[in-house]
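Remarks on the structure that follows.
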Amino acid sequence: MINTSNILKPNYVVALEKSWYLFRKYPIIPLGVFFLLVFVAIFAPILAPLDPAQGSIRTRHIPPVWLEGGTAAHFFGTDSLGRDMLSRVIYGARIVVMVAVSVIFAGGIFGTIIGMFAGYLGGLVDEIAMRIVDLLLAMPFLLVALTVVIVFGQSLTQMIILLIIFSWDNFARVVRAESLRIKGDAYIDAARIAGASDIRIVFRHILPGVFGVVLIVASLRVGQLILIEATLSFLGAGLPKSVPAWGVMVADGQGWITTAWWIAAIPGIMIFAVVMSFNFLGDWMRDYFDPRLRQSA
Amino acid sequence: MYEAWGIKLGLDKPLYIQYLTWLRDVMRADFGESLYHNREPYDLIKERLPATVSLAAIAFCWAILVGVPLGVLSAVKRGTFVDYFARGFALLGQAMPVFWVALMSILIFSVELGWLPTSRKSGLDSYIMPALCLGWLPAAALLRITRGSMLEILDGEFIKLARAKGVSPIGVIWKHAFRNALIAPVTMAAIIIASFLTGTVVIEAVFAWPGLGGLSIDAIKNNDFPMMSAIILMFGVFYLAANMLVDLLYMVLDPRVRVE
């Protein structure tokens, strides 16, 4: 049967419908936000109009450009110390990318290795690894993080290490389940008969099989990680006050909520937009590549 | 003076001895004395507990009452306006930072509109904003998981059989599908209770709520170790209890578990 529904419509409607279809099928806006974030993070020193740490009391509390009293010199206005909000937001993108990338990489690699060995070797190794995972699940992360910060002080590296410790377990659990499945496949038996060592089997034959799952878990975790980092920074337990992280900026604005609301509002919108796009991307990747994971992740 | 305190607190002994002493004392329900408040942590926790529990209970109720039915509706009316609304609600809840939502709601409803009190616990209306902010994320998570498992189950053969048998649409949804779909949200409920432990810390910090969250932040800021260990231990026990409750609930909900 010939499809006649398109013939009757004007050209531009067809084009619109086509783009709407693409829009629904692929996560275009989230991808755009993602690339924008990475681009801004890399070129922050070039893009930022002013120094994010420099401010003067005379330029204090200037509202954003679209409000009454705003100037084009400070697009997002200025904060309580007269620092340019736009520059701070741009440098904040750097922090987000840095934290997300390093934590996902380190946590992902560590969790994958543990998960593969736990799933493949089974027995005592499996038992120990999974009990550690359970232990991590039972710990109130926020309180542990606060305690660590009080004992050791605040820094970016410490924050990243803490987040790695509390993010590898998710990878380990999913990878273990996947390794258990792969372990039963005939080609693993074949490799073993051919005399391959356990280490060779794990890295050569199981790793390619779990790689897709790892990518999906990573993309689903990024949003949560960014939220956790922002929450810790907001409570004063994450990044030090001198770092222009978005969570720290919201905390700065808390005291001025009645007079200068944009100080808290703008960085919050940034966190929201970035987390939302990452969540979208993660869901999309999961549905597109591996719908089986729906239940577990 | 400094050293005398060190000896009194047992800080001169090796770490494992310190730990064992602490363990021995805890077994006797003795958490020492809060260094900052000069009172027993047990009394302080007892004093602050009601504010946190009542807040968490309201948030939990609204998360369940909104999340689960909306999740079912969104699965049943898949692709309609209701579905899009529900998914939008979930997406917002999972992406917005809790502390930011709390601040913005203060800005809009207290500062601009003047409808609700900005912070501190007073009448019932002071519960509205903290509870809504605290419950949004769990409601979103519940909605998504309910929707997912409902969609899967509505696909099943036994649902088709029930429909063919002439069971009313409402009966099919609530009696046949929902009972089977309930297992995933119940698991989620344990995680939600655990997430309240951190959630209340943030919410209480923003709304100046006189509960355990504020107490724990104070304890940490003042290096109040006896207080801190008591709170962390309590949270841990609370979490394990929630998990156990869920395991028991499984047996009620799912006869298949009972056979094993």
Name the pairs whose Cβ atoms lie under 6 Å apart, with the first residue in region A:271-297 and at pLDDT 65 or above, the second in a helix (DSSP H, G or I) and of a type in the set (F, W, Y), and 6 or more positions between them or separate chains?
A:I271/A:W246; A:S277/A:F34
Of everything in region A:243-282 that's of a type in the set (G, A, S) and more than 10 Å from chain B (Cβ to nearest Cβ), which residue is farthest from A:A53 (Cα to Cα)?
A:G282
Taking the criterion of being under 27 Å from A:R60 (Cα atoms), among the small types (G, A, S) and away from chain B (no Cβ under 11 Å), would at least one residue in region A:219-237 satisfy it?
no
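For (1) out of contact with any Leu (no Cβ under 6 Å at 6 or more places or on another chain); (2) away from every other protein chain (no Cβ under 13 Å); (3) at pLDDT 80 or above, each residue gets a yes or a no:
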residue: B:S105; (1), (2), (3): yes, no, yes
residue: B:S119; (1), (2), (3): yes, no, no
residue: B:A141; (1), (2), (3): yes, no, yes
residue: B:I173; (1), (2), (3): yes, yes, no
I'd like to check something: does region A:151-174 contain any residue that is over 30 Å from A:Y91 (Cα atoms), modelled with pLDDT of 85 or more, among the aliphatic types (A, V, I, L, M) and surrounded by 15 or more Cβ atoms within 10 Å (Cβ to Cβ)?
yes
Collect the residues in region B:220-230 that are within 21 Å of the chain's Cα centre (by Cα) and either exposed (fewer than 15 other Cβ atoms within 10 Å of the Cβ) or more than 7 Å from chain A (Cβ to nearest Cβ) (or both), keeping them in residue-number order.
B:S229, B:A230
Please go through region A:107-148 and pick out each residue that is among the polar types (S, T, N, Q) and touching a residue at least 24 places away in the same chain (Cβ under 8 Å).
A:T112
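Just to check your reading of the model, which residue among B:M251, B:M234, B:M244 is free of Cβ contacts under 8 Å to residues at least 60 places away in the same chain, within 21 Å of the chain's Cα centre (by Cα) and at negative phi?
So the residue among B:M251, B:M234, B:M244 that is free of Cβ contacts under 8 Å to residues at least 60 places away in the same chain, within 21 Å of the chain's Cα centre (by Cα) and at negative phi is B:M244.
Mind checking which residues of region B:62-98 are among the hydrophobic types (A, V, I, L, M, F, W, C) and without any contact (Cβ under 8 Å) to a residue 60 or more places away in the chain? Write out each step before concluding.
Keep residues of region B:62-98 that are among the hydrophobic types (A, V, I, L, M, F, W, C), which gives B:62-66, B:68, B:70, B:72-73, B:75-76, B:81-82, B:85-86, B:89-92, B:95-96, B:98.
Residues satisfying the conditions are B:L65, B:L73, B:F81, B:V82, B:F85, B:F89, B:A90, B:L91, B:L92, B:A95, B:M96.
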Expected single match for assigned to a loop (DSSP other than H, G, I, E, B), more than 26 Å from B:I192 (Cα to Cα) and away from chain B (no Cβ under 14 Å) among A:L124, A:L86, A:L81 is A:L81
Is it fair to say A:Q154 is part of a loop (DSSP other than H, G, I, E, B) and within 14 Å of another protein chain (Cβ to nearest Cβ)?
yes
Which numbered condition B:S216 misses (of (1) under 17 Å from A:P140 (Cα atoms); (2) more than 10 Å from chain A (Cβ to nearest Cβ))
(2)
B:V101 vs. criteria within 11 Å of chain A (Cβ to nearest Cβ) and modelled with pLDDT under 80:
no
Within region B:143-199, tally of residues that are charged (D, E, K, R) and in contact (Cβ under 8 Å) with a residue 40 or more places away in the chain:
3
Which one of the conditions (1) within 16 Å of B:A242 (Cα to Cα); (2) of a type in the set (V, I, T); (3) touching a Cys at 6+ places or on another chain (Cβ under 7 Å) does B:I203 fail to meet, given that it meets all the rest?
(1)
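The values are calculated or read from the model by the stated rules, or taken from the named source; none is laboratory data. What you are looking at is a predicted structure, and each value in this text was computed from that prediction instead of being measured. All Cβ positions, glycine included, derive from the backbone under ideal geometry; neighbour counts span all protein chains shown.
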